[in-house]
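Asker: Handing you a structure now.
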Amino acid sequence: MKKTGAQLAVFALEQLGVEFTFGIPGTHTTELYDELNNSDKITPVLVTHEGGAAFMADGISRTSDTIGTLTIVPAAGTTHAMSGIGEAFLDGIPLLIISGGTRRDSGRHYQLHQLELGPLVRPITKGYFLIQRHEDIIPTLYKAYDLATSGEPGPVFVELPVELQLFKGEFASLQEYTAPPARPNPSDADISQAVEMLLTAEKPCIYVGWGAVDAAEEVAKLADTLVAPVSTTLQGKSAFPANHPFHVGVGFGPTGLPAARKTFAGCDCLLTVGARFGEIATGSYGIAVPENLIHIDINPEVFHKNYPAKLAIEGDSSDVVRAINHALSNKNWKSSRDAQSLAKTIAEEKQAYAESWRGEKHDGLVSPGFFFQSLREQLPDDVYLVIDDGKHTFLAAELFDVYQTRHFISPTDFNCMGYCVPATIGVKLTHPDKMVAAIVGDGAFLMTGMELLTAVNQGVGIMVFVFHDGELGQISQFQKTPLNRKTCTVLGDFNAEGFAIATGAEFISLKNDHQIDDCITKAIDFANDNRPVIVDVNIDYSKKTMMTKGVIKTTLGRFPLTEKVRFVSRAVARHITG
């Protein structure tokens, strides 16, 4: 049989359940895009920048069972997309990247976009494949998908040279996709040891990351049995529901909320599920971990990197925690801790912290406490909230409760600004019947805000709340505290309404606390009418989050004494002299 490479590639993508592709067509993908246009299962989406394409695909992969897919040109299209590919790589998010490739059958040199893509993308992908024969197209795309979604997920890059797309070639058959066999169950010995460690502990605690996002039900069951508080990483904020009585918030060290710090004090056995103890998750490695650390992760390479584990269990989080629960159910054991007392302590600490952000209402600024209170009250429980990188990230982490898994996403270890707006579009495309809201700092919004044109063209109703303070808020605050300066962190003045006019989005100006409820209501109405809307929020960033205060304290505490004295003395002198 003979078909063009473009036809074979689209057949494979349909078999894999791909619903959307993102990119900008070019010389080396024209035939592929034409074939995508023939598909009744896949919608190719034009973006304004391939970086936005990668973030849109990432948003799909984080919030659905569909893999986010890019269809890009080589060279410039690839380098533009690399920020989003890198984000997915460090955050453990599956992506399928299909790039056109220059001709390999012509013998010509200095072709348009001619660049060796393998050495470029290998450091930020799980794998790179160069397809050289028609018969390899379908099996290679299946192999790339399996690699992207197995173990710790990540992006996989496939280069499909243009001559294969254009011309017909021989292939054996249009084989359907078959999923690989399931992973083996965790060993009985590991499960028995984990159970023994948990049952002999007086104050066991649970810490979950993104790797536990599909194990929330099993983790909740375990927390109930152990009467154990549960903390999450920033990326794993949605891995455990905030309305569970033992949920204590993001983090548990110096950057943790009071409920976490109070209930994790004296922890003598920490069960960590699907978390890597990265810099952001640990507040610059400021958490204290007990000797009895049980670390569960699907990627064995994360074990013992920053905190040594007494017991490391490789496996899928759901499978391992389910096995622990099953083993515990066969034990005649009851926790000595009082569940009602623990829940009462957590609820009181949460309430007190939330109220500390809500004082007198401002006439000239928008208070984060009142904003997030109204946002949570007005949005449905199953809203998807998408965040960018910046000061607003930690405000949302601390002040907005998330009740369902995969319903809060943000760039984390790669920590790429500009993620939010395009990722929000991707989430909405694959969840058209759900409310999707974005919170983005003005600096990050300036990077990818023009992707709202894509939202308008696709008719997706998203709410984009721009926290507008005229600065790169998180870094300017880090500069201001020790240096009393703001070097290259003060933005040029821009008119957010101009973005709405340029892209065709709706616009709302939110200037003070008294307007919060009405402005959010209007934004919801626009979104429900399938109209993207920018809400320009005149945010008050004067109050520091626990993340900011904790990281500064932790970082300074690790300085050598002489350098600590120098930094503190300089800060005092500059603040005195101005």
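Every read-out reported here was derived from the displayed coordinates using simple, explicitly stated rules and does not represent laboratory data. In this text, all values refer to a predicted model and were calculated from it rather than measured experimentally. Using ideal geometry, Cβ is built from the backbone for each residue, glycine included, and neighbour counts are taken over all protein chains shown.
Asker: Sort 484-492, 196-204 by packing, meaning the average of other beta carbons within 10 Å per residue, with the highest value first. Could the numbers behind the result be given before it?
Answerer: Details: 484-492: 12.3, 196-204: 17.4.
Answer by packing, highest mean first, reads 196-204, 484-492.
Asker: Quick check on segment 188-346: take the gyration tensor over C-alpha atoms, sort the square-rooted eigenvalues as a ≥ b ≥ c, and tell me if it's rounded (a/c under 1.5), prolate or oblate.
Answerer: Numbers: a/c = 1.39, a/b = 1.04, b/c = 1.34.
Rounded, because the longest to shortest axis ratio a/c is under 1.5.
Asker: Report the charge-dipole magnitude of segment 357-547 in Debye, nearest 20, computed about the Cα centre from +1 at each Lys and Arg Cβ and -1 at each Asp and Glu Cβ. All intermediate terms of the calculation are to be shown ahead of the outcome.
Answerer: Details: 15 positive and 25 negative charges, 96 e Å.
Dipole of segment 357-547, to the nearest 20 debye: 460 debye.
Asker: With the Cα gyration tensor of segment 357-547 giving a ≥ b ≥ c as the square roots of its eigenvalues, does the rule (a/c under 1.5 for rounded; else a/b larger than b/c for prolate; else oblate) give rounded, prolate or oblate? Working shown, then result.
Answerer: Numbers: a/c = 1.43, a/b = 1.32, b/c = 1.09.
Here segment 357-547 falls in the rounded category.
Asker: Compute all pairwise cysteine Cβ distances in the chain, then list the cysteines with no distance under 4.7 Å to another cysteine.
Answerer: Cys269, Cys416, Cys420, Cys488, Cys519, each lacking another Cys Cβ under 4.7 Å.
Asker: Still on this structure, I have one more. Near Lys3, which lysines are there with a Cα under 23 Å away, not counting those fewer than 8 places off in the same chain?
Answerer: Correct list for Lys3: Lys41, Lys143, Lys168.
Asker: Which percent, to the nearest 5, of DSSP beta bridges fully inside segment 2-170 are antiparallel? Kindly include the intermediate steps, with their values, before the conclusion.
Answerer: Numbers: 3 of 25 bridges.
Bridges in segment 2-170 are about 10 percent antiparallel.
Asker: Sum up the charges of everything whose Cβ sits under 11 Å from the Cβ of Glu506, counting Lys and Arg as +1 and Asp and Glu as -1, but leave Glu506 out.
Answerer: Numbers: positive: Lys522, Arg531; negative: Glu497, Asp525, Asp529.
Computed value for this residue: -1.
Asker: Averaged over all directions, how much area does the convex hull of the C-alpha atoms of segment 2-170 cover when projected, in nm²?
Answerer: On the way: hull surface 34.3 nm².
The number I arrive at for segment 2-170 is 8.6 nm².
Asker: Another question about this same structure. Excluding residues fewer than 8 places away in the same chain, name every one of the aspartates and glutamates whose C-alpha is closer than 16 Å to that of Lys543.
Answerer: Output for Lys543: Glu355, Glu360, Glu398, Asp469, Glu471, Asp513.
Asker: Have a look at the DSSP beta bridges in the chain and tell me what percent are antiparallel, nearest 5.
Answerer: Working: 4 of 67 bridges.
Roughly 5 percent of the DSSP beta bridges within the chain come out antiparallel.
Asker: Which of Val250, Val47 comes first, and how do the rest follow, when ranked by fewest Cβ neighbours within 10 Å?
Answerer: On the way: Val250 24, Val47 27.
The fewest-first ordering by Cβ neighbours comes to Val250, Val47.
Asker: Separate question: Taking 0.36 nm per residue of separation and subtracting the Cα-Cα distance, what length does fully extending Ala179 through Phe494 add? Mind showing how you got there, number by number?
Answerer: On the way: separation 315, 0.36 × 315 = 113.40 nm, distance 4.98 nm.
Length difference between fully extended and current span is 108.4 nm.
Asker: Among residues other than Thr424 whose Cβ falls under 10 Å from its Cβ, what is the net charge (Lys/Arg +1, Asp/Glu -1)? Let's see the in-between values first.
Answerer: Working: positive: Lys428; negative: Asp388, Glu451.
Local net charge: -1.
Asker: For a footprinting-style exposure proxy, rank Glu218, Glu170, Glu135 by other Cβ within 10 Å, fewest first. All intermediate terms of the calculation are to be shown ahead of the outcome.
Answerer: Values: Glu218 21, Glu170 10, Glu135 16.
So the residues, fewest neighbours to most, are Glu170, Glu135, Glu218.
Asker: Quick one: putting +1 on the C-beta of Lys and Arg, -1 on the C-beta of Asp and Glu, what dipole do you get for the chain around its Cα centre, in Debye to the nearest 20? All intermediate terms of the calculation are to be shown ahead of the outcome.
Answerer: Numbers: 49 positive and 67 negative charges, 373 e Å.
Rounded to the nearest 20 debye, it is 1800 debye.
Asker: How many nm is it between the label spots at Ala573 and Lys434, if each spot is 7 Å from the Cα in line with the beta carbon?
Answerer: 5.4
Asker: In segment 174-275, if the dipole is taken from +1 on Lys/Arg beta carbons and -1 on Asp/Glu beta carbons about the Cα centre, which of Gly274, Ala260, Leu174 is farthest to the positive end?
Answerer: Sorting the options by dipole projection puts first Ala260.
Asker: Within 10 Å of each residue's Cβ, count the other Cβ atoms and sort Arg276, Arg566, Arg358, Arg322 from fewest upward.
Answerer: If I rank by nearby Cβ atoms, fewest first, I get Arg566, Arg358, Arg322, Arg276.
Asker: If you take the charge dipole of segment 1-142 about its Cα centre, with +1 on Lys and Arg Cβ and -1 on Asp and Glu Cβ, which of His49, Thr102, Val18 is farthest toward its positive end?
Answerer: Thr102
Asker: Multiply the residue gap between Lys2 and Ser106 by 0.36 nm, knock off their C-alpha separation, and tell me the result in nm, one decimal place. Mind showing how you got there, number by number?
Answerer: Numbers: separation 104, 0.36 × 104 = 37.44 nm, distance 2.12 nm.
Length difference between fully extended and current span is 35.3 nm.
Asker: Which FRET efficiency value, to the nearest 0.05, do you get for Thr27 and Lys305 by plugging their Cβ-Cβ distance into 1/(1 + (r/R0)^6) with R0 = 56 Å?
Answerer: Details: r = 44 Å, r/R0 = 0.78.
Efficiency, from the Cβ-Cβ distance: 0.80.
Asker: By how many degrees, 0 to 90 and rounded to 10, does the Cα axis of helix 76-91 deviate from the longest principal axis of the chain?
Answerer: Tilt relative to the chain: about 40 degrees.
Asker: How long is the gain from Tyr285 to Asp40 if the chain were fully straight, where each residue apart is worth 0.36 nm and the alpha carbon distance is subtracted? Walk me through the intermediate numbers first.
Answerer: Values: separation 245, 0.36 × 245 = 88.20 nm, distance 4.90 nm.
Gain in length upon complete extension: 83.3 nm.
Asker: Report the local net charge at Cys267: Lys and Arg +1, Asp and Glu -1, summed over other residues whose C-beta lies under 13 Å from its C-beta.
Answerer: Details: positive: Lys203, Arg261, Lys262, Arg337; negative: Glu202, Asp268, Glu291.
After counting each charged neighbour, the total is +1.
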